[in-house]
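K.L.:
Pasting a structure below so you can have a look.
Readers should treat all values here as calculations from the given coordinates under stated rules, not as data from a laboratory. Predicted model, so just to flag it, every value in this text is computed and none were measured. Virtual Cβ from ideal backbone geometry, glycine too; neighbours counted across all protein chains shown.
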Amino acid sequence: MLKPLVAGLLALGLCWASVQAGEPPKARSKPLVKAKPAKQPMVATPPVEQPLALSEEHLAVAQRVVLGKVPCELGAHVAVTAHQTVPGRFVLEHGRHTFHMVPVLTSTGAIRLEDAASGAVWLQLANKSMLMDQKQGRRLADACMNAEQVVVADAMARSPAPNLLEPLPMPPAAVADPAEPQAGVVRTATN
């Protein structure tokens, strides 16, 4: 921020000095403010000509991918189909874009498909799926749910996970009266 300010003041000083000397002002060769380039829309990639062979782990992930047209929030939808000629690969369509996806191994168990050339990522969780653009850091489609995911999302809404910051409730066996001896517990006298 300081460099453009100094450059502007310097240019203003040079113009003022040329006006004082009676010289006509010189035309600027470059503008003071640089224009930001427009964001490029995500471009779908053409299919890979010679795909690399997938490992057994990748093929196991590919078996768990849910195929079909999946409705998403805001009236959008994503269509996931198996690639016709290359096993373990998928074609994902969203709007006018077509992505050629490959399964990626994850440590969390989530199903992740990626199109490395375009930066598109399809995440399939138990309760929803989403399509993201890694290059621009934004979601293209969110809350995409097939029939199985709707059931899981409803179950999660009815019985939410416990708050990690609150203590867990005591089990019924631990709430019993401490004065009563419990079955199987032998009390000994201590000095």
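K.L.:
Can you tell me which residue is nearest to K69 (Cα to Cα) among those in segment 100-137 that are of a type in the set (G, A, S) and free of Cβ contacts under 8 Å to residues at least 12 places away in the same chain?
P.N.:
G109
K.L.:
Please go through segment 138-153 and give me each residue that is within 19 Å of L74 (Cα to Cα) and either without any contact (Cβ under 8 Å) to a residue 12 or more places away in the chain or not in a strand (DSSP E or B) (or both), ordered by number.
P.N.:
R138, R139, M145, N146, A147, Q149, V150, A153
K.L.:
Next up: Residue by residue through segment 63-97, note down the ones that are in a loop (DSSP other than H, G, I, E, B), farther than 19 Å from A110 by Cα and over 19 Å from the mean Cα position of the chain (by Cα).
P.N.:
Listed by number, the residues that qualify are H83, Q84, T85, V86, P87, R96.
K.L.:
List the pairs whose first member sits in segment 65-87 and is in contact (Cβ under 8 Å) with a residue 40 or more places away in the chain, whose second member is of a type in the set (F, W, Y), and whose Cβ atoms are under 7 Å apart, counting only residues at least 6 apart or on separate chains?
P.N.:
Pairs that qualify, where the first residue is in contact (Cβ under 8 Å) with a residue 40 or more places away in the chain and the partner is of a type in the set (F, W, Y), are V65/F90; V80/F90.
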